[in-house]
Amino acid sequence: RVMLADKNKLAIFIEASHHGRLHIEKYLKQARKAPIAISFGPPLSLFIFAGMEVPYGVSEYNFAGAVVGERMKVFRGEVTGLPIPAESEIAVEGYITGEVTDEGPFGEFMGYYAGGRMKSPVIEVKRVYYRKDPILLGTAPSISPYDYSYLRCPIRSAMIWDFLERAGVPNVKGVWAHEVGFSRAFIVISIKQTFAGHATMVGHLVATSPLASYGGRYVIVVDEDIDPSDLNQVIWAMCTRSDPATTIDVIKNVNSTPLDPMAERRENVKEYVSSRAIIYAVKPFDKLIRNQFPTEVRPSEELVEKVTKKFNYLFSP
């Protein structure tokens with residue numbers, strides 16, 4: 001997020017774990033000013049993926065271009081030489097020198113003005129580019145669910161699923177990063193349990209991964225018969241297949257954010273940590289493989305088909 005400081009200066013807040021902050025600190029540690037370019041009103045595809053945890057070392061331009069199937073159009077900044085989206089409504093470029101100023105408060109994705117006023121880096125703006133009569137398209141953070149929690153949910157869910165498969169986890173059957181949890185704080189993974197500890201593996205990998213740790217709270221692991229996007233099914237599984245004393249893990253000291261309303265104020269943005277809960281709402285594996293877990297009260301497939309066919313007009317769109 002960016003705030004106007006004065007005519008030629010902007011204040012920018014960047015989280016400790018975000019790649020932009022890592023780049024900036026490399027320059028400042030070498031006593032060099034860090035070049036920076038910002039697009040206000042960028043192409044939608046870039047806007048979407050710029051707010052996602054694209055893997056470190058991968059260009060968001062390349063990532064977005066690969067998804068939409070065409071190269072991102074850019075031009076080189078006259079001052080910094082950085083690539084800037086050519087379809088931006090407004091763009092600026094300049095340098096971060098190490099100067100800081102008060103920034104905030106700002107309404108954030110968790111639904112609170114929690115960050116207050118913080119000391120944040122200053123950008124010395126050297127160039128401003130804009131279209132004639134620019135139109136700024138943005139999103140308004142609020143109490144979730146809201147506009148950009150919806151657009152991020154399917155993308156984050158797909159990226160978490162891909163992450164698990166790349167890590168070698170078998171039999172992942174579904175993932176959903178729920179809207180009400182602003183795509184971060186309530187993540188459900190459905191698996192076909194294949195071995196003892198399968199659910200534990202999934203829960204810990206996701207809870208501490210870059211895709212889910214920032215702004216995270218709860219990771220729920222369910223069986224393959226549960227639709228992870230259906231809160232009714234998920235809560236039912238939590239209420240019937242988990243025991244609070246034995247099926248909840250709590251992980252402490254996971255990276256967090258000053259934008260969390262539960263966070264204790266720290267001097268440095270890098271100091272923020274919080275806990276994560278993993279809820280194993282799955283059938284106990286020893287009972288599952290021995291077919292000893294009670295049978296669900298469900299109508300037979302034949303009866304469902306018969307009723308659906310007879311009352312088709314009730315089920316058709």
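Odds and ends about this structure:
- Residues V180, V175, ranked from the fewest to the most other C-beta atoms within 10 Å, line up as V180, V175.
- C-alpha long axis of helix 301-310 to longest principal axis of the chain, angle in °: 80 degrees
- A straight line joining the Cα centroids of the stretch 126-171 and the stretch 74-100 runs 21 Å.
- Radius, Kirkwood style, for the stretch 147-306 when every pair of distinct Cα atoms is counted (Å): 16.6 Å
- Summing charges over all other residues whose Cβ lies under 13 Å from the Cβ of D243, with Lys and Arg as +1 and Asp and Glu as -1, gives +2.
- Loop trypsin sites (Lys or Arg not before Pro), the stretch 251-283 (other Cβ atoms within 10 Å of the site Cβ: 13 or fewer; DSSP): R265, R266
- Loop-located GluC sites (Glu not before Pro) in the stretch 226-317 (DSSP state not H, G, I, E or B) with no more than 11 neighbouring Cβ atoms inside 10 Å: E264, E267, E296.
- Working ranking of peptides 307-316, 151-160, 206-215, 19-28 by packing, defined as the average number of other Cβ atoms within 10 Å per residue, highest first, is 206-215, 151-160, 19-28, 307-316.
- Between 0 and 90°, nearest 10: helix 231-241 axis offset from the chain longest Cα axis: 60 degrees
- Degrees, to the nearest 10: 198-207 long Cα axis against longest axis of the chain: 20 degrees
- Structure-based [θ]222 nm, the chain - -39500 (n - 2.57) summed over DSSP H runs of at least 4, per residue, nearest 500: -8000 deg cm²/dmol
- Here the stretch 2-130 is treated as an ellipsoid with the same Cα gyration tensor; its semi-axes, largest first and in whole Å, are 23, 18, 15.
Rule-based calculations on the coordinates, nothing more; no lab input. What you see is a predicted model; the values in this text were computed from it and never measured. Neighbour counts are summed over all protein chains in view; Cβ atoms, including those assigned to glycine, are modelled from backbone coordinates with ideal geometry.
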